[in-house]
Amino acid sequence: MHRVAVLALDAVVPLDLAIPAQVFGSYDEVPFRVTICAPAPVVRTSAGFSINAEAGLEALAGADTVIVPGYRPAVAFTALVGAAAFRAAPGALIAPLQREFGWSTGSIGFAVSVNLLLYGLTAPFAAALMEQLGVRRVVAGALALVAAGSALSTLASASWHLVLFWGLMIGIGSGSMALAFVATITNRWFVRRRGLVTGVLTAGGATGQLVFLPVVAALAESSGWRVASLVVSGAALAVVPLALLLLREYPADLGVPPHGGTEVVPRPERTTGAARRALGALASAARTGPFWFLAGGFAICGATTNGLVGTHFIPAAHDHGMPTTTAAGLLALVGVFDVVGTVLSGWLTDRVDPRLLLTAYYALRGLSLLLLPQLFHHSVEPSMLVFIVFYGLDWVATVPPTVALCREVFGASGAVVFGWVFASHQVGAALAATAAGLVRDGFGDYAPAWYAAGLLSVAAAGLSLAVRRKAVAPPSPRDAPTPA
């Protein structure tokens, strides 16, 4: 029996989710089963047979399978939300940990820095590992590791325990579910509207922050930081069954072309040597100027988002008398506008030179950070709300144009190369998380950190403009993956 897919509303939808009935037939001696997704105007089998679903809808009313278009991107989005649960935790848990254990901001910031560093360094290896072991296995394992690390952190009694659980375990787990996963899904399943899809999936991380940050902050204040950590663990663990049951590797596995394509793209040969492929892609990319411009700009992006604002905005606001829950609410509001900004950025990336977008994003971010020290107050002022709205729109708007440039410049290796560019993002975040904590311990104020971040963002705008949109030579045969 030939496996059938539904082409509905310009979206390739594989057939997996079932409710009553089915229709059988054959075409050119190839048997098939048609599954209708009303109101699809056309249904195509993988054998090439087409029928008008609207005209035949009544006759096919007894069909026993109906599919909802686009649910696989939704599963990927949900997995990213679950993996992002911990991203909301550190800023909200710094104050409770300091009250209970007396640890310095710098020592807690170091655990966060290890997490951010591994979050980035794991990404390129995870992207290559997805090609070797498959997306489902890597994603499910990563989510389980995040859940375990968050749960075990409740047993911490020394700051180095945070380095082990927050830094090592959650860093590797969340890094395996980082933006290299987004690049992999986009490259495999989409030909058209890749920028928009990248924006939507990237917004999964922002949605995780939006959903979990107020919850984590409220639980940490009312029930203690341990309860908050267990909630994060449960959220990550809950997504594991969805990943195992619903994620698929390639459109070719279902006999359908990628979204926007006209032909089924054969599944590539299974590869081995994930580490070798990741390092080979780095060696090839590192010989080019565009890689270093993209990596340098993205390192500053990480320093000014996850490393500085994501980790230290709440304690900085608390320094000025703002309640922790109020500051957490503002950071969650960043997540609201992050979703809008990232999706809009993806749409723009399909239409505007990505270099110009990055230049504008970084320059405007720099100006806003230079103004931030004057905006803190014991209550939420209108000027702070303006900053929050703008910073939310700009937060990870840099991702779709950066992914697009990696794909354009580095071709088939684009997803793995983006993994290394993202690693630089997290190196910058890790350095900023520790440096800002040391600035606060040394000066009693975060202001120097905000000013430095603003100037660095302006520099990132210049780096982005310097990227040349010219394809580089493919990796040499010795860098290519080895077929299993």
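Just a few scattered comments:
- Per-residue accessible area (protein heavy atoms, 1.4 Å probe) orders D445, D338 as D445, D338, starting from the largest.
- Dimensions of region 299-401 based on its C-alpha atoms, expressed as ranges along the principal axes with the largest first, amount to 44, 22, 22 Å.
- Cα gyration tensor category, rounded, prolate or oblate, for region 359-431 with a/c compared to 1.5: prolate
- Convex hull (Cα only) mean projected area of region 98-203, reported in nm² to one decimal: 7.4
- E381, E100, reordered so the largest accessible area comes first (probe 1.4 Å): E100, E381
The values are calculated or read from the model by the stated rules, or taken from the named source; none is laboratory data. Everything numeric here is computed off the predicted structure, so don't read it as measured data. Just the protein is used for accessible areas: all its heavy atoms, side chains included, with ligands, DNA and RNA removed. Shrake-Rupley method; radii C 1.70, N 1.55, O 1.52, S 1.80 Å.
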